[in-house]
C-alpha cells in the first residue's frame, strides 16, 4: 500500500526557507505573497486495508516523521 | 588522598564531529574522558554523559531525529531519568530536544546561513552542575558553528530553565536563548561549543568554566558513590 505524508512548518512558525523562495519568485516577476516550504515523504507499506495503513502512518508521524512542536502533517493513503 | 577523576562519557554517533575535542577538553580539565560508541545499549559506569556536536546520522529528516533512536541515546535517557548529569552541545542539544529530555526544538537559522564565529553569552543560572564555576550575569565568549540553531521554546517554558542567552543573537533564537536545562537541572543543552574554548590560544577559555563545572559536579557524584 502506498501512503504520502505532507509535513509543513506549523502556522505561526517563521519559515526562512519559504521567505527566501517567496523573494526569489518575486525576482522572477511572480506576484507571490507567501511561500512556505515543507516536505513530502512517500511510503510503501504492508497493511490489511487503507484504515490500518493510515493508523500506522499516523503513528510513524507521531514517533518520527514530524515534530509536533514545529510541524503539522497530513497523511494520504492510496490503495 | 587525591580526589578521584570523574568518569565522563562522550557518545560518538556516525557523523559526530566534536567528540574528540570534547574528550580532549574533558581530559584537560582532569576528567577521565571515555568514548562511548553509538550502538552500545548500555553505558559503562559513568558520572556524566556528553552528547557532542556534529551531524549525527547525517541529520536526515530533522537534526537529531534519527540519533534519538540510537541505543546509546536510549541508555542516556535512562541515565538522565535516574538523575545522571547529561550535557548536549550543538547537535547533542538537538538530540536531547528530539528525545524529549529538553523542551523545545532547534530549527534553521533565521538568516538561512551557517554561522561560525565567537558569540558572547550571559549566564542566567549559576546554580547548576554545568555553571557552578560561573557567576550569574557573567559574560562568556564561546564559538558557535551551526546552520540549525534557532531555538524555539515550548509556549509553557519555565523561564528558570533558560541557562544562557546570546548578547548578539546569531541565529534568531526566541528570547536570545542559547542554552536550556530540564526542570530538575541535571540535563542541559547549548548551541555554543565550550569544548572549542578551553585554551586562550584558541581565542577564549571561557568554555572551560562550563565544562569544569560539569567535571566538579561529576567528581562530587563519584565521591558520593565511593
Looking only at region A:52-79, and only at residues there that are assigned to a strand (DSSP E or B) and out of contact with any helix residue (DSSP H, G or I) (no Cβ under 6 Å at 6 or more places or on another chain), the one that is modelled with the lowest pLDDT: A:78
Residue pairs meeting the criteria (Cβ under 8 Å; at least 6 apart or on separate chains; first on the phi > 0 side of the Ramachandran plot and within 13 Å of chain A (Cβ to nearest Cβ), in region B:162-178; second part of a strand (DSSP E or B) and surrounded by 18 or more Cβ atoms within 10 Å (Cβ to Cβ)): B:172/B:150
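If I ask for residues that are assigned to a loop (DSSP other than H, G, I, E, B) and surrounded by 10 or more Cβ atoms within 10 Å (Cβ to Cβ), which ones from region A:39-51 would you list? Lay out the reasoning, then the answer.
First pass over region A:39-51, keeping only residues assigned to a loop (DSSP other than H, G, I, E, B): A:45-49.
Listed by number, the residues that qualify are A:45, A:47, A:49.
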Of the criteria (1) at pLDDT 95 or above; (2) within 14 Å of another protein chain (Cβ to nearest Cβ), which one residue B:112 fails: (1)
Filter result (within 14 Å of chain A (Cβ to nearest Cβ), buried (at least 24 other Cβ atoms within 10 Å of the Cβ) and either at pLDDT below 95 or in a loop (DSSP other than H, G, I, E, B) (or both)) within region B:68-100: none
Residue within region A:20-38 that is loosely packed, with under 11 Cβ neighbours inside 10 Å, at pLDDT 95 or above and closer than 28 Å to residue B:99 by Cβ present: no
Subset of region B:101-126 (residues that are closer than 20 Å to residue B:143 by Cβ, in contact with a helix residue (DSSP H, G or I) (Cβ under 8 Å, 6 or more places away or on another chain) and not in a loop (DSSP other than H, G, I, E, B)): B:106
Residue match in region B:187-195 (condition: in contact with a helix residue (DSSP H, G or I) (Cβ under 8 Å, 6 or more places away or on another chain) and more than 26 Å from residue B:20 (Cα to Cα)): no
Residue check for residue B:47: within 16 Å of the chain's Cα centre (by Cα), buried (at least 24 other Cβ atoms within 10 Å of the Cβ), in contact (Cβ under 8 Å) with a residue 12 or more places away in the chain and over 16 Å from residue B:96 (Cβ atoms): yes
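For region B:20-44, what are the residues that are surrounded by fewer than 24 Cβ atoms within 10 Å (Cβ to Cβ) and assigned to a helix (DSSP H, G or I)?
We begin by selecting, within region B:20-44, every residue surrounded by fewer than 24 Cβ atoms within 10 Å (Cβ to Cβ); these are B:20-21, B:23-24, B:27-30, B:32-44.
Hits for region B:20-44 are B:20, B:21, B:23, B:24, B:27, B:28.
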Residues (within 14 Å of chain B (Cβ to nearest Cβ) and touching a strand residue (DSSP E or B) at 6+ places or on another chain (Cβ under 7 Å)) located in region A:43-79: A:43, A:61, A:65, A:66, A:67, A:69, A:70, A:71, A:72, A:73
Residue within region B:56-63 that is without any contact (Cβ under 8 Å) to a residue 12 or more places away in the chain and either surrounded by fewer than 24 Cβ atoms within 10 Å (Cβ to Cβ) or away from chain A (no Cβ under 14 Å) (or both) present: yes
Residue A:8 being assigned to a loop (DSSP other than H, G, I, E, B), within 14 Å of the chain's Cα centre (by Cα) and at pLDDT 95 or above: no
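The values are calculated or read from the model by the stated rules, or taken from the named source; none is laboratory data. Source: prediction; values computed, not measured. Methodologically, a virtual Cβ is constructed for each residue, glycine included, from the backbone with ideal geometry; neighbour enumeration extends over all protein chains shown.
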